[in-house]
Amino acid sequence: MHGFRTVAAGAALFAGASISVAAQGSGGVAPAHKAHAAKPVAAAASPAATDTVKVNEFMSYDPAAKTVALKVFSAHGSTNGGMNFNGGASGSQTITIPVGWSVSMTFTNEDAIPHSAIILPNKMPFPAQPQDPAIARAYTNDVTGGLMTGKSDHTTFKASPAGQYLLACGVPGHAPSGMWIHFDVSADAKVPAYKM
């Protein structure tokens with residue numbers, strides 16, 4: 001009888017081990033459970049997102065908080081040989097922000113060469129090496145040296161004072177080569193806009 005119990009226990013252990021190995025090898029058992037556990041967290045976060053208005057893939061805003069989320073990509077497509085922001089070059093796009101709204105700008109360099117972003121006064125010619133933004137804090141790190149391929153930077157600034165500006169690359173020679181778009185701070189606009 002004792003020998004039978006040992007054999008039965010050993011068989012049970014062996015069966016348990018094979019089940020465990022099969023579960024590990026399947027690759028889907030544990031992750032599927034974790035994926036289901038994460039869904040309530042995502043669902044809980046979605047009601048806050050209902051206040052956000054999406055303008056396009058580059059801009060969204062919260063009218064109650066008067067905040068704008070702006071994504072700026074350098075070399076987004078082949079327009080102007082890659083010397084562009086979000087596919088716009090030589091003023092072909094216009095970003096309009098109501099005066100006094102907060103802008104949260106994320107810049108990402110998609111090009112093989114360094115780029116940056118800075119808000120400048122709307123006047124030509126461009127400065128040889130732009131250092132000071134026309135709006136406080138409206139620039140990326142290393143304005144004249146630029147960020148390397150795949151690097152991002154984030155800045156937050158208040159759209160003020162009202163006026164017409166340019167969003168330009170601060171790396172010497174890039175803005176004069178067409179790497180700029182319009183950035184208007186409007187006293188009349190009620191909501192942000194992005195004209196492409």
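Some values worked out for this structure:
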quantity	calculated
Filter pass, Val68 being under 24 Å from Ile113 (Cα atoms), within 18 Å of the chain's Cα centre (by Cα) and either of a type in the set (Val, Ile, Thr) or not assigned by TED's automatic domain parsing to the domain that holds His115 (or both)	no
Region 56-76, residues that are within 16 Å of Tyr194 (Cβ to Cβ) and either among the charged types (D, E, K, R) or not in a strand (DSSP E or B) (or both)	Glu57, Phe58, Asp62, Pro63, Lys71, His76
Residue in region 143-152 that is touching a Phe, Trp or Tyr at 6+ places or on another chain (Cβ under 8 Å), aliphatic (A, V, I, L, M), buried (at least 21 other Cβ atoms within 10 Å of the Cβ) and modelled with pLDDT of 95 or more present	yes
Filtered residues of region 101-116 (kept if in contact with a Lys or Arg (Cβ under 6 Å, 6 or more places away or on another chain) and buried (at least 18 other Cβ atoms within 10 Å of the Cβ))	Trp101, Asn109
Filtered residue count, region 52-76, keeping only those that are touching a residue at least 60 places away in the same chain (Cβ under 8 Å) and among the hydrophobic types (A, V, I, L, M, F, W, C)	6
Matching entry among Ala128, Ala134 (being small (Gly, Ala, Ser) and modelled with pLDDT under 95)	Ala128
Scope region 120-163; condition in a strand (DSSP E or B) and either closer than 15 Å to Ser104 by Cβ or under 24 Å from the mean Cα position of the chain (by Cα) (or both); matching residues	Leu120, Tyr139, Leu147, Ser152, Asp153, His154, Thr155, Thr156, Phe157, Lys158
Residues (part of a strand (DSSP E or B) and surrounded by fewer than 17 Cβ atoms within 10 Å (Cβ to Cβ)) located in region 164-196	Gln164, Lys195
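The values are calculated or read from the model by the stated rules, or taken from the named source; none is laboratory data. Please read these numbers as outputs of a predicted model, since none were measured by experiment. Glycine also receives a Cβ, built like all others from the backbone with ideal geometry; neighbour counts cover every protein chain displayed.
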